[in-house]
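Asker: Quick one: this structure, given as structure tokens, is what I'll be asking you about.
Computed from the coordinates by the stated procedures, all read-outs in this text should not be read as laboratory data. Bear in mind the structure is a predicted one, so any value in this text is a computation, not a measurement. No Cβ is skipped: glycine too gets one built from the backbone with ideal geometry, and neighbour counts run over all protein chains shown.
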Amino acid sequence: MLLVEDDVAVQRVLTLALREEGFDIVVASTGTEALEHLGRNQVDVVLLDLMLPDVDGLEVCRKVRQSSDVPLIIVTARTDSHDVVAGLEAGADDYVVKPFVAKVLAARVRALLRRAGAPGETEPSAVTVGPLEIRPAEAVVLRDGAQVALTRTEFQLLVELARRTGEVVSRTDLLQRVWGYDYLGDGRLVDVHVRRLRGKVERDPGNPRHLLTVRGLGYKLVA
């Protein structure tokens, strides 16, 4: 696990707590150091503070997403909704707000790792929805025959909707199925990831024809 945090005291506390939870921790104190480490080494998950002394955490997240789908959780003291959404829009899979309980963070990390590494349910070899061809076993999505680059979370979200093509799936159900835990009713994770997913699978994201919002209920994928 790569922990990107410039506060030495927080580094020590988190490193000790997460090691007690069974994780191997590598620490980076700046965004530049984090990007250099990720360029040389493979990690299972990134915990990224938004407030860094050199490269802004949001920019680090965007740069990571240009070349990697590694599970990434932003760790921030910012409670403002705009900042949380900005982190998710930059490509983060999840977020936690300081101060937090280390065991809760560890549980969230484990849920993310299980989702990233565990085999899914028995799936058909391919599902076709409009211009999309979804191949769950290969973790591949094609739109009009061209491969679409999705993060692991975006792919899992699309697969869950494809399993129930034409049905409305609630935010709560998607949180439980995709993120693997009860997120206490905070639907921002789902909403932001759906918005990002639309930008990749719809020809006109501003006027979606396949990944639809059903106001007050959730989302559905239609042909």
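Asker: State the answer as a single residue: which of M51, G39, I73 lies farthest towards the positive end of the charge dipole of segment 1-146, with beta carbon charges of +1 for Lys and Arg and -1 for Asp and Glu, about the Cα centre.
Answerer: Towards the positive end, the residue furthest out is I73.
Asker: Here is a follow-up. Rounded to the nearest 10 degrees, what's the angle between the helix 102-117 long axis and the longest principal axis of the chain, both from Cα atoms, 0 to 90?
Answerer: The two axes meet at around 40 degrees.
Asker: Hey, another quick one. Roughly how big is the chain's charge dipole about its Cα centre, with Cβ charges of +1 (Lys, Arg) and -1 (Asp, Glu), in debye to the nearest 20?
Answerer: Roughly 680 debye, rounded to the nearest 20.
Asker: Moving on. Taking amide H positions as placed 1.01 Å from N in the peptide plane, with prolines and chain starts having none, which residues 5 or more places from D54, or on another chain, fall under 5 Å of its amide H?
Answerer: Correct list: G31.
Asker: Separate question: Can you tell me the dipole magnitude for segment 39-107 around its Cα centre, using point charges on the Cβ only (Lys, Arg +1; Asp, Glu -1), in Debye to the nearest 20?
Answerer: The calculation lands at about 160 debye.
Asker: List the extent of the Cα atoms of the chain along each of their three principal axes, largest first, rounded to whole Å.
Answerer: Principal-axis extents of the chain (Cα, largest first): 52, 35, 33 Å.
Asker: Just to confirm the number: angle between the C-alpha axis of helix 188-201 and the first principal axis of the chain, 0 to 90 degrees, nearest 10?
Answerer: Taking Cα atoms only, the helix is inclined about 60 degrees.
Asker: Under the definition of Cα pairs under 8 Å and six or more residues apart, what whole-number percent is the relative contact order of the chain?
Answerer: 15
Asker: Same structure, new question: Sorted from largest down, give the three principal axis spans of the alpha carbons of segment 1-102, whole angstrom values.
Answerer: Computed over the Cα atoms, the extents are 32, 32, 23 Å.
Asker: For segment 1-61, just say rounded, prolate or oblate: build the C-alpha gyration tensor, square-root its eigenvalues into a ≥ b ≥ c, call rounded for a/c under 1.5, and beyond that prolate if a/b exceeds b/c, oblate if not.
Answerer: Cα axes put segment 1-61 in the oblate bin.
Asker: Just how far, in whole angstrom, is segment 147-172 from segment 9-67 if you go by their alpha carbon centroids?
Answerer: With segment 9-67 and segment 147-172 each reduced to a Cα centre, they are spaced 28 Å.
Asker: Which percent, to the nearest 5, of DSSP beta bridges fully inside the chain are antiparallel?
Answerer: The antiparallel fraction comes to roughly 50 percent.
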